[in-house]
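Enquirer: Sharing a structure here in structure tokens format.
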Amino acid sequence: VQLQASGGGSVRAWGSLRLSCIPSPRTLTQYAAGWFRQEPGKEREFVSSISWNGSRRNYAYPVKGRFIISRDNAKNTVYLQMNSLRREDTAVYYCAADYGFGRAGQSSNEYTYWGQGTLVTVSS
């Protein structure tokens, strides 16, 4: 499974962006999915995750209340709606997926498949 992340860009603080993650060639229907981010010189960190049917969603503390993860299995897409963006949200954002029901892992080692990353830059 290859994942294509898109939707990144440059935005002013307090603005919004929506990231999308689309797999190829398979469907993500039976996969848990997650978003991680990485700033230059820092380790990749967990942002949010969602179980295969959306029943479980997890958020990292810094983004809770501002970001919303969702998925549309009919469109085979996982989204990350990012609102009230802050400068500290600037990073490359990666989507990840792994087969399994009921899980919404918060650790990068729980995911087998990764996208190439999309850059989000927030300016003041």
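Enquirer: Among what's in the range 60-88 and is surrounded by 19 or more Cβ atoms within 10 Å (Cβ to Cβ) and without any contact (Cβ under 8 Å) to a residue 40 or more places away in the chain, pick the residue that is farthest from ARG12 (Cα to Cα).
Expert: In this case the residue turns out to be ILE69.
Enquirer: Given the criteria open to solvent by less than 50 Å² (accessible area, probe 1.4 Å), assigned to a strand (DSSP E or B), closer than 15 Å to ASP72 by Cα and not hydrophobic (A, V, I, L, M, F, W, C), does SER20 qualify?
Expert: Spelling it out, SER20 is indeed open to solvent by less than 50 Å² (accessible area, probe 1.4 Å), assigned to a strand (DSSP E or B), closer than 15 Å to ASP72 by Cα and not hydrophobic (A, V, I, L, M, F, W, C).
Enquirer: On to the next question. Being part of a strand (DSSP E or B), crowded, with 16+ Cβ neighbours inside 10 Å and more than 14 Å from the chain's Cα centre (by Cα) is true for just one of VAL47, VAL11. Which residue is that?
Expert: VAL11
Enquirer: Report whether or not GLY115 is touching a Cys at 6+ places or on another chain (Cβ under 9 Å) and either farther than 25 Å from VAL1 by Cα or modelled with pLDDT under 95 (or both).
Expert: In short, yes.
Enquirer: Quick check, is GLY117 open to solvent by less than 10 Å² (accessible area, probe 1.4 Å) and either farther than 11 Å from SER48 by Cα or in contact (Cβ under 8 Å) with a residue 24 or more places away in the chain (or both)?
Expert: So GLY117 fails the test.
Enquirer: On to the next question. Return the residue satisfying two criteria in turn: it lies in the range 63-108 and is part of a helix (DSSP H, G or I) and of a type outside the set (A, V, I, L, M, F, W, C), and of such residues it is nearest to SER123 (Cα to Cα).
Expert: Of everything passing the filter in the range 63-108, ARG87 is nearest to SER123 (Cα to Cα).
Enquirer: Would you confirm whether or not the range 98-106 contains a residue that is surrounded by 13 or more Cβ atoms within 10 Å (Cβ to Cβ) and of a type in the set (Lys, Arg)?
Expert: Looking through the range 98-106, at least one residue is surrounded by 13 or more Cβ atoms within 10 Å (Cβ to Cβ) and of a type in the set (Lys, Arg).
Enquirer: Still on this structure, I have one more. Among the residues of the range 24-44 satisfying the criterion of being open to solvent by less than 10 Å² (accessible area, probe 1.4 Å) and not aliphatic (A, V, I, L, M), which is farthest from VAL122 (Cα to Cα)?
Expert: GLY34
The values are calculated or read from the model by the stated rules, or taken from the named source; none is laboratory data. Only a predicted model underlies this, so the values are computations on that prediction, with no experimental measurement involved. As a convention, Cβ positions derive from the backbone with ideal geometry for all residues, glycine included, and neighbour counts pool all protein chains shown. Side chains are part of the model used for accessible areas, which takes the heavy atoms of the whole protein and leaves out ligands, DNA and RNA. Shrake-Rupley method; radii C 1.70, N 1.55, O 1.52, S 1.80 Å.
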